Amino acid sequence: MTDTDVFDAEVIAAFGRHLIVRDAAARELRARPSGRRQSIVCGDRVRCERDRAHDEILVTEVLPRTTLLARANLRGESEPVVANITQLVVVVASLPAPDWFVVDRYLCAATAAGIVGGVAVNKSDLDANKLDGAELDAFATAGYRRTTCSAKSRAGLDGLRAMLSGAVSVLVGQSGVGKSSLVGSLLPGATVTTGELMREEEGRHTTTASRAYPLASGGALIDSPGVRDFAPAVDLLDAKTLGFPEVAARAGGCRFLDCKHMQEPGCAVIAASDSGAMSPRRYESYRRLRRRYTDLIEARGYRRERR
């Protein structure tokens, strides 16, 4: 094996065990993990080896990650979604109607991971696009970035470009909100359906889970698949605040140091919700995530006991 047979690269597309990596010469190469237990996602920096005997490229090592967006599965275990990003942008639209609790959970995962969070309202050209202004204002009050745009009419794309400039961003959100359409409008030269098609060994065509595209303004944009639900990885969340900036800002004012902000007397977070200083809907979202967090912790503990 020569020195050129071992090289570092970046994963720019991932679907299961099928990967596309970009090497230092900007060549895009098909690859696959060398081991069954490797968990590799879009954005990962990896070490590769060229297997000349089988004419393939193997990913042998995932290099240290600077950031990681991860979700919890039903067993309470952490599953990586995308790595080494600096910004997460949740795309919402009037159609389909937003699930604001899913938006909250994505933003909580970003906050917990040290990733900048933002919200992009797409389909602003539709007359029916009358999203609740109070909901959007609540995100801005919590410190998240916000922009409004339309992939179809191209209105507001300059504002979205400004938000994305210089960052490594991932677009997330519910199915049908137009994430891939936004990528196509921002990068008309890119081939975007819902990602790059890859051919599996059986000959079937499938769509990548995530695909990264370089931005002319610097940084990159990752398109991710739409979801119906999302739960942050529990082992990455701050147990006291669950990634809610409004809770973190007020937790120090609670009567009890171990206050979970659910029903305890003298809770500054509950008082802020009651007075309207914190969005009551966001507080209800915190309560839902708190209950889910407890359930996932218990599910993970149960599996460990069973082992």
If you work out P(r) over Cα pairs in 20 Å bins from 0, in percent from the coordinates, which of [x] 25, 55, 20, 0; [y] 31, 54, 15, 0; [z] 33, 60, 7 do you get? [y]
Amide H contacts under 5 Å for R211, restricted to residues at least 5 apart in sequence or on another chain and with H modeled in the peptide plane, are D223
In nm, the gap between the two label points placed 7 Å beyond Cα toward Cβ at A248 and S175 is 3.3 nm
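So if R0 is 30 Å, what FRET efficiency would Q38 and T294 give, r being the distance between their Cβ atoms, rounded to the nearest 0.05?
0.45
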For the residue pair A26 and A277, what label-to-label distance in nm results when each label sits 7 Å from Cα along the Cα-to-beta-carbon direction? 5.3 nm
May I ask you to list the lysines whose Cα is less than 24 Å away from that of K179, ignoring any residue fewer than eight positions away on the same chain? K123, K130, K152
Going by amide H atoms built from the backbone, whose H comes under 5 Å of the H on S124, apart from near neighbours? C149, S150, A151
Solvent-accessible area of V116 with every protein chain in place, 1.4 Å probe, in Å² to the nearest 10: 70 Å²
R0 of 45 Å, Cβ-Cβ distance R17-L257: FRET efficiency to nearest 0.05: 0.45
Pop out the ³J(HN,Hα) list for region 52-60 in order, Karplus 6.51 cos²θ - 1.76 cosθ + 1.60 with θ = phi - 60°, rounded to Hz; leave Gly and Pro as x. 5, 5, 10, 6, 8, 10, 10, 8, 9
Kindly point out, ordered by number, any Cys in the chain whose beta-carbon has no other cysteine beta-carbon under 4.7 Å away. C42, C48, C108, C149, C267
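Using a simple charge model, +1 on the beta-carbon of Lys and Arg, -1 on the beta-carbon of Asp and Glu, nothing else, what dipole does the chain show about its Cα centre, in debye to the nearest 20?
Here the chain has a charge dipole of around 580 debye.
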Run the 1.4 Å probe and let me know the accessible area of D137, rounded to the nearest 10 Å². 80 Å²
Gyration tensor (alpha-carbon) shape descriptor, region 232-289, a/c threshold 1.5: oblate
Can you put I270, I222 in order of accessible area, largest first, using a 1.4 Å probe? I270, I222
So between R47 and D158, what do we pick up on full extension, going 0.36 nm a residue minus the alpha carbon distance? 36.3 nm
In what order, largest first, do E10, E135, E28 sit by accessible area if the probe radius is 1.4 Å? E28, E10, E135
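The values are calculated or read from the model by the stated rules, or taken from the named source; none is laboratory data. Bear in mind the structure is a predicted one, so any value in this text is a computation, not a measurement. Counting neighbours? That spans all protein chains shown, and the Cβs are built from the backbone with ideal geometry, glycine included. SASA here: full protein model, heavy atoms, side chains in, ligands and nucleic acids out. Shrake-Rupley method; radii C 1.70, N 1.55, O 1.52, S 1.80 Å.
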